[in-house]
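Each remark here refers to the structure printed beneath this line.
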Amino acid sequence: MISRKLRPFGVSIFSTMTRLALEHEALNLAQGFPDFDGPGEIFDLARKAMEEGCNQYARSRGLPVLTASIAHHFTECYGLDYDPETEIVVTCGATEGLAASILGLLDPGDEALLLEPYYDSYPACLAMAGASFRSVPLVHPEFALDLEALESRITGRTRLLLLNDPHNPTGKVLGEEECEALAALCTRHDLLVLEDAVYEQLTYDGRPFRPLAAFPGMRERCLTVSSTGKTFSLTGWKIGWVAGPKGLVDAVQAAHQFLTFAVATPFQAAMAEALRRFGPPYLETFRNEYRERRDLLVEILRDAGFQPAVPQGSYFVLADITGLTDKKAPEFALELIRRVGVAALPVDSFYTEGKEGEGSRLLRFAFCKRLDTLEEARRRLAAL
Ligand code: PMP
Ligand code: GLN
């Protein structure tokens, strides 16, 4: 009974792998959610908001205190000024922000450009909008961006570059020159940019992240999507947003008002305060803790015989399995769950050539996990 649009997508690989991890009592390094909680102080803020009567529908575009905090965040971090009344929409996580942007902006027959591997919701949302995509691969382990190849994918129907930076699952963070070249390409071909920046606070080794919207001349053609799930280790709260110039944000709102209308009010109130309270000192500790987890997981995977690429950002490591097995990644992932008790994510569904190409040799491991969880993974992976 599933519509023709959605039939090709089946069940999300995240749901599948988490179900298998639970069934086999495996460590879940497959789905990207922390196995620890965010700051307890933020829970108090949510409780307080509920007690103070923040319990009915919020303004559809988001609680004014929250859009003001989000606007403040863009100014502080990137020198980008957005009007909290008209240029920001609060969404149910970045997931809804992406869906509302795609549904609000694209018409049937339009095309988008993607970098491959791509997050699984992008092709599905494009299909729901009746749009399609062309992509260029980022090849393991360097993940270099081939701009000429990207430009060659542009047709008369291309409307949008859908970009994820820092990038899931490769961990690539675009460099200054790559961003400048992408900005020039989008200007040359008059493309809109939808940038998914959910890992904006997770970059390592001093590598800076800057959204494309902050590059000269780009503000007017860019929407930036993000959420508080990763930054505050509260992925279940689903407070996300889209920011951009009024004309584009009006299109997002046109879809958002019919997708969810508004997002959980007390959590919005809590995050409005948290975004202001948890500034640079919190973020520095947060990044340092993640760098430690990254370095530990890379070492564990190397010792176990994988070929991991060291991520510049995000909380994932993409590892080549060639040295360990002749099997393809989905089959090997099942073996890892059953025999070793560690769940990793096969990423073949993030590639257009799917089961045959580069993605068939790669597994993604998440390191948004406690150090003792990662040490337990080391013990279990030693069985390989
Ligand atoms: N985009 C990317 C690249 C992600 O990895 C995720 C999931 N963590 C999302 C979007 C979804 O974010 P949210 O949980 O805020 O909906
Ligand atoms: N974004 C998270 C990941 O990449 C999970 C999101 C989801 O479960 N849909 O693992």
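Rg and Dmax in Å for region 68-122, alpha carbons only: what are they?
14.0, 38
Between Glu23 and Val11, 0.36 nm times their residue separation minus their Cα-Cα distance comes to what?
2.6 nm
Can you check what the Kirkwood hydrodynamic radius comes to for region 1-102, Cα pairs only, in Å to one decimal?
So the Kirkwood estimate lands at 17.6 Å.
What's the extension gain from Asp37 to Glu353 if we count 0.36 nm per residue and subtract their Cα-Cα distance?
Between Asp37 and Glu353, full extension yields an extra 110.0 nm.
On a C-alpha basis, how far is the centre of region 54-110 from the centre of region 138-184 in Å? Whole number, if you could?
Taking the Cα centre of region 138-184 as reference, the centre of region 54-110 is 24 Å away.
Among Ser152, Ser135, rank each residue by its count of other Cβ atoms within 10 Å, from fewest to most, as a rough exposure measure.
Fewest-to-most Cβ neighbours within 10 Å comes out as Ser152, Ser135.
If we count GluC sites (Glu not before Pro) as exposed when they sit in a DSSP loop and have at most 11 other beta carbons within 10 Å, what is the longest stretch of the chain that avoids them all?
The segment 143-355 is the longest one with no such site.
Based on the mean of other Cβ atoms within 10 Å per residue, sort peptides 97-110, 221-234, 252-265 so the most packed one is first.
Highest to lowest by the protection proxy: 221-234, 97-110, 252-265.
If you build a Gaussian network model of the chain, linking Cα atoms that sit under 10 Å apart, which residue out of Ala344, Ala149, Ala71 swings the most?
Most flexible of the set in this elastic network: Ala149.
Any chance you could run the full-extension gain for Ser132 through Glu151? It's 0.36 nm times the residue separation minus the Cα-Cα distance, nm to one decimal.
So the extension gain works out to 5.2 nm.
Roughly speaking, what % of Cα-Cα pairs in region 183-285 are separated by over 20 Å, rounded to a whole number?
In whole percent, the long-distance tail amounts to 49.
Inverting the mean 1/r over all pairs of different Cα atoms, compute the Kirkwood radius of the chain and quote it in Å.
21.3 Å
Using R₀ = 51 Å, calculate the FRET efficiency as 1/(1 + (r/R₀)^6) where r is the Cβ-Cβ separation of Phe258 and Asp372; round to 0.05.
In this case the efficiency is close to 0.70.
Would you please give the FRET efficiency between Lys328 and Leu283, computed as 1/(1 + (r/R0)^6) with r the Cβ-Cβ distance and R0 = 51 Å, to the nearest 0.05?
0.85
Laboratory data are not the source of any read-out in this text; all were calculated from the coordinates shown. Remember, predicted model here, so these are calculated numbers, not experimental data. With ideal geometry, Cβ positions are generated from the backbone for all residues, glycine too; neighbour counts draw on all protein chains shown.
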